[in-house]
Amino acid sequence: MVLSSGCREVKLEKRETILTEGSEASHIIYLREGLVKEYQNQNNDQEHILQILKGPTYLGLASLSGDTLNHISYSSLTEVKLCFIEKNIFKSLLLANPNFGFSILQNVCRDSLNHYHNFVNLNQKHIHGKLADALLYFANQIFDNYEYVLPLNRFEISNLIGSSRESVSKQLRTYERDGILKISGRNVNILEPEKLERISKFG
């Protein structure tokens, strides 16, 4: 009853803004279904994509620390179903239900680890290793399939792995030439996942 009174359900189409950096942090968002891009804008107005999120999960949890403004932007990559939960209602649920609070803590810890590993990979790996990481992430964590349609274009992939669009396109052609995958537009088919795993590990 408490949740229903403070929750507003929304359905958004592909490529719609969910939360913007600098906006008022008044709600926690529960992503029921769909894929979402989490990103920050750089000084040159270029996006730095932090991660791709798949429902069910929560968005905007960082604002629970007491911040009045959002520090991260989110936009839909597919059609999404969301529930906007008022922050005070969400906090009351955390205090009243230890199991729910622990599940949220696990979510925050998982995000923190993901950001740490992404930071390390961006600074220590070459383009072939970083791109292999991204392709395997989509295969294993998002689609659970080695054949899928990329939810990002080449430019967005470059923003995700900290490279240039030209380097991403060139490396994809190299993977295809070496028989590791087939790619047509955004359609990806990883033919040699073991080879891509090795590239990811040692890249």
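The values are calculated or read from the model by the stated rules, or taken from the named source; none is laboratory data. What you see is a predicted model, and the numbers here were worked out from it, not measured in a lab. Neighbour counts are summed over all protein chains in view; Cβ atoms, including those assigned to glycine, are modelled from backbone coordinates with ideal geometry.
Considering the conditions (1) within 19 Å of LEU160 (Cα to Cα); (2) among the basic types (Lys, Arg); (3) in contact (Cβ under 8 Å) with a residue 24 or more places away in the chain, LYS91 is excluded by exactly one of them, (1). Given the criteria in contact (Cβ under 8 Å) with a residue 12 or more places away in the chain and within 25 Å of LEU53 (Cβ to Cβ), does ILE190 qualify? When the stated conditions are applied, ILE190 passes them.
Quick check on region 183-197. Is at least one of its residues in a helix (DSSP H, G or I) and of a type in the set (Gly, Ala, Ser)?
Looking through region 183-197, none of the residues is in a helix (DSSP H, G or I) and of a type in the set (Gly, Ala, Ser).
Out of GLU38, GLU9, report the one residue that is loosely packed, with under 12 Cβ neighbours inside 10 Å and in a strand (DSSP E or B).
Values: GLU38 fails: loosely packed, with under 12 Cβ neighbours inside 10 Å.
None of the others qualify; the one that does is GLU9.
Inspection of region 149-160 finds no residue satisfying the criterion of being more than 23 Å from SER76 (Cα to Cα) and either polar (S, T, N, Q) or in the same structural domain as GLU33 (by TED's automatic domain parsing) (or both).
State all residues of region 148-182 that are surrounded by 17 or more Cβ atoms within 10 Å (Cβ to Cβ), over 19 Å from LEU53 (Cα atoms) and modelled with pLDDT of 95 or more; if no residue qualifies, say none. Passing the criteria: SER167, VAL168, GLN171, LEU172, TYR175, ILE180, LEU181. When LEU64 is tested against (1) surrounded by 14 or more Cβ atoms within 10 Å (Cβ to Cβ); (2) in a strand (DSSP E or B); (3) without any contact (Cβ under 8 Å) to a residue 40 or more places away in the chain, only condition (2) is not met.
Taking the options ASN97, ASN145, ASN159, ASN140, name whichever one is out of contact with any Ser or Thr (no Cβ under 8 Å at 6 or more places or on another chain) and in contact (Cβ under 8 Å) with a residue 40 or more places away in the chain.
Numbers: ASN97 fails: in contact (Cβ under 8 Å) with a residue 40 or more places away in the chain; ASN145 fails: in contact (Cβ under 8 Å) with a residue 40 or more places away in the chain; ASN140 fails: in contact (Cβ under 8 Å) with a residue 40 or more places away in the chain.
Result of the check over ASN97, ASN145, ASN159, ASN140: ASN159.
When we screen THR20, THR68 for residues that are β-branched (Val, Ile, Thr) and at pLDDT below 90, the only hit is THR68.
Condition test on ASP133, is it part of a helix (DSSP H, G or I), of a type in the set (Asp, Glu) and in the same structural domain as ARG15 (by TED's automatic domain parsing)?
Working: part of a helix (DSSP H, G or I): yes; of a type in the set (Asp, Glu): yes; in the same structural domain as ARG15 (by TED's automatic domain parsing): no.
So ASP133 fails the test.
Total residues in region 5-42 satisfying the condition of being more than 22 Å from LYS91 (Cβ to Cβ) and β-branched (Val, Ile, Thr): the figure is 3.
Somewhere in region 139-147, is a residue assigned to a helix (DSSP H, G or I), in contact with a Phe, Trp or Tyr (Cβ under 8 Å, 6 or more places away or on another chain) and either over 24 Å from LEU50 (Cβ atoms) or not aliphatic (A, V, I, L, M) (or both)?
If we filter region 139-147 for residues that are assigned to a helix (DSSP H, G or I), which is where we start, we get 139-143.
Then keep just the ones that are in contact with a Phe, Trp or Tyr (Cβ under 8 Å, 6 or more places away or on another chain); that gives 139, 142.
If we keep only those that are either over 24 Å from LEU50 (Cβ atoms) or not aliphatic (A, V, I, L, M) (or both) as well, we get none.
No: zero hits.
So if I check each of LEU113, LEU94, which one is at pLDDT below 95, closer than 30 Å to LEU64 by Cβ, surrounded by 12 or more Cβ atoms within 10 Å (Cβ to Cβ) and in the same structural domain as ILE52 (by TED's automatic domain parsing)? Step through it out loud before you land on a result.
Numbers: LEU113 fails: surrounded by 12 or more Cβ atoms within 10 Å (Cβ to Cβ).
Step by step, each of LEU113, LEU94 is checked, and only LEU94 is at pLDDT below 95, closer than 30 Å to LEU64 by Cβ, surrounded by 12 or more Cβ atoms within 10 Å (Cβ to Cβ) and in the same structural domain as ILE52 (by TED's automatic domain parsing).
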